[in-house]
Amino acid sequence: MNSPFQSLESLNRGRHISLLGYVGAATAGWAALEATEAFVFFIVPHGPNFAPEIGPAGTFMVFSLAFTIGYLALFIILAVPMRFLAVKVESTTTKRLLPLVSGATFALASGAFVWLDSSALGTYFVAMLFAVAGFVCMTVMQIAAK
């Protein structure tokens, strides 16, 4: 039984994220990234000259591979700081803001890479995709930390 005088630090001491929690968070973020990308490629109307060489499905697969590699790289770089945030945060308000912070971090990191390489329009698109992925990833990581 927990004493009312027991510190929050001692209550959080047993919390951790297992390897399965990391895999689940990475998979959920990737699925959100792919679902958002599929919505943009297949549901949003495009002009008649959209991907004439390989078609929308081929373009989706090519971009999907590129975004998957970028997402995995960002997840590996950001997984340890996200783990510390998910486990160490005690305030309810801060816990609710963590997915937004994670989404913004993913968006800024991916946006910076794309901005250095291409145009502003591509940067907004990639930042939107990765923001959704980061938000979902941190939400699942918080659930895994409980």
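Checking the stated criteria, residue 126 turns out to be modelled with pLDDT under 85 and in a helix (DSSP H, G or I).
Can you confirm whether the range 81-101 contains a residue that is within 21 Å of residue 38 (Cα to Cα) and surrounded by 12 or more Cβ atoms within 10 Å (Cβ to Cβ)? Let's see the steps before the verdict.
Let us first name the residues in the range 81-101 that are within 21 Å of residue 38 (Cα to Cα), namely none.
No; the residues of the range 81-101 include none that is within 21 Å of residue 38 (Cα to Cα) and surrounded by 12 or more Cβ atoms within 10 Å (Cβ to Cβ).
Here is a check on your reading of the model: is residue 110 of a type in the set (Gly, Ala, Ser), at pLDDT below 85, assigned to a helix (DSSP H, G or I) and farther than 20 Å from residue 143 by Cα?
Numbers: of a type in the set (Gly, Ala, Ser): yes; at pLDDT below 85: yes; assigned to a helix (DSSP H, G or I): yes; farther than 20 Å from residue 143 by Cα: yes.
The answer is yes for residue 110.
Per the listing 39, 67, 60, the residue uniquely over 14 Å from residue 135 (Cα atoms), within 12 Å of the chain's Cα centre (by Cα) and in a helix (DSSP H, G or I) is 67.
The values are calculated or read from the model by the stated rules, or taken from the named source; none is laboratory data. Treat the numbers as computed from the prediction; the structure is a model and nothing was measured. Cβ: placed from backbone, ideal geometry, glycine included. Neighbour counts: every protein chain shown.
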